[in-house]
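Structure first, commentary second.
Each reported figure results from applying straightforward, stated rules to the coordinates on display, with no laboratory input. Note that the structure is predicted; figures quoted are calculated from it, not measured. Reconstructed Cβ throughout: ideal geometry from the backbone, glycine too, with neighbour counts over all protein chains shown.
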Amino acid sequence: MLLTIKVKLYPNNQQHKALLETMERFNEACDYISKIVFSNRVFGKIAIHRIAYYDVREKFDLSSQMVVRAIGKVAESYKVDKSCCHEFKKHGAIVYDQRILTFKTSDEISILTLEGRERITIKYGEYRPLDTDRVRGQADLIYHNNTFYLMVVVDVPDADPIDPNGVIGIDMGIVNIATTSDGEIFSGKKCTEVRQRYSNLKAKLQSVGTHSAKKHLKKISGKERRFKKDTNHCIAKAIVQIAKDTNRAIAIEKLKGIRTNSTVNKAVRTAIGKWAFDELGNFLKYKAALAGIPVFEIDPKNTSRECSVCGHIDKGNRKNQAEFHCQKCGHNENADINASKNISSRGICQLSHSLLSC
């Protein structure tokens, strides 16, 4: 499995300046190439190289491979949209390949700048060193909050797939971030409190508009997102561990389009818009793959209205967010636990079908 990891750079003052100047020069070159591309309506990488390479090298004093990477970045951007001339941010990412970036050890790189090669200390995580033998392809140098990072692709081997004995169903929501068919609930109360606190704080600071208020806004920028991401990581890790300990597969709902299809009030729309629907699912998938655990995505239709005991489907079964009461058999249960059991049942059907197909 290919994973992208974020590696922090620790340059000294001189190296930091050299990296920043290189990034700014690189993106200036991208802007220049983009104008040539759009005016000539030439979008292929080879064609761009023919008409821009020597001009860019002379004008911006970049190395040969830096110019090649700048041309590649511009060409990639025009694959998406050719209707307008693209502009590149002053501190946009630089794409480095093996010719201009080398991993010397697990904690040091050699990277090309305008001043030549620089050996810079790197750090990945708190406890695990970066396995440089697993690094694949190119790496993006990014600049955020006065700090440089490398986005590196590494090849991590999947574990041998297990022979699952059952399926654990996961219902994802806002009040409860995740609920398992075993009855374990991962509450979303803390996330909701954090979201509301930061929303109120941002509104107050924006209304003030002073210099110190703007500095405070910049300081808290991204804190809510990082908190939610860490929460999703922890929940996914716990669920995968449960599945591993009980030798079961995992079933989740396909939640694509939930934002565009939701017809609810403004408060709920705000909560839905700020919840990372795909993130928890993606974390579950890659952590499960690393553990050799199959993950099934099932159709979410009526999972919250279907009785997990008798199978009766009725809108009235879901009395409110928390309570499920079957109109036919009288079964009472927490609504999210009932939904997760339905997800588990549909996952078992997919598991049986996949075994029959083998």
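Tabulate in residue order the Karplus-calculated ³J(HN,Hα) for the range 87-104, using 6.51 cos²θ - 1.76 cosθ + 1.60 with θ = phi - 60°, rounded to whole Hz; enter x for Gly and Pro.
10, 10, 5, 4, 10, x, 5, 9, 8, 9, 10, 5, 6, 10, 9, 10, 8, 6
Read through the labelled values (i) 197; (ii) 162; (iii) 146 and report the label of the one computed as volume of the Cα convex hull per residue in Å³ from the structure.
The value computed from this structure is option (i).
Provide Val309, Val56, Val68 in ascending order of the number of other Cβ atoms located within 10 Å of each residue's Cβ, fewest first.
By the 10 Å Cβ count, ascending: Val309, Val68, Val56.
Using a cut-off of 16 Å between alpha-carbon atoms, which lysines can reach Lys244, once sequence neighbours fewer than 8 places away in the same chain are excluded?
The reachable lysines, counting only those whose Cα sits under 16 Å from Lys244, are Lys285, Lys287.
Stretched out fully, how many nm does the piece from Arg99 to Asn282 gain, at 0.36 nm a residue minus the Cα gap?
Full-extension gain reported as 62.6 nm.
What ranking of Arg346, Arg305, Arg50, Arg41 emerges when the number of other C-beta atoms within 10 Å of each C-beta is taken as an exposure proxy, fewest first? Write out the running numbers ahead of the final one.
Working: Arg346 22, Arg305 19, Arg50 10, Arg41 7.
Fewest to most other Cβ atoms nearby, the residues stand as Arg41, Arg50, Arg305, Arg346.
GNM on the chain, C-alpha springs below 10 Å: top fluctuator among Gly330, Gly72, Gly209?
Of Gly330, Gly72, Gly209, the most mobile in the Gaussian network model is Gly209.
Students often forget the sequence filter, so: which lysines lie under 24 Å Cα-Cα from Lys319 once same-chain residues fewer than 8 apart are removed?
Of all the lysines, those that pass the test against Lys319 - Cα under 24 Å, at least 8 places apart if same chain - are Lys189, Lys254, Lys266, Lys301, Lys328, Lys341.
Please give the charge dipole size of the chain, origin at the Cα centre, charges +1 on K and R Cβ atoms and -1 on D and E Cβ atoms. Round to the nearest 20 debye.
That gives the chain a dipole magnitude of about 1440 debye.
Among bridges DSSP assigns within the range 167-357, what percent are antiparallel (round to 5)?
Just about 60 percent of them are antiparallel.
What percent does the relative contact order of the chain come to when contacts are Cα pairs within less than 8 Å and at least six residues apart?
16 percent
For the chain, with a Gaussian network of springs between Cα atoms less than 10 Å apart, report the residue from Asp163, Asp182, Asp81 with the top mean-square fluctuation.
Of the options given, Asp81 has the highest mean-square fluctuation.
Return the subset of Lys8/Lys35; Lys204/Lys229; Lys123/Lys214; Lys6/Lys73; Lys6/Lys228; Lys45/Lys82 for which the Cα-Cα distance in this structure is over 22 Å, preserving the input order.
On the way: Lys8/Lys35 33 Å; Lys204/Lys229 25 Å; Lys123/Lys214 31 Å; Lys6/Lys73 20 Å; Lys6/Lys228 18 Å; Lys45/Lys82 14 Å.
Over 22 Å Cα-Cα: Lys8/Lys35; Lys204/Lys229; Lys123/Lys214.
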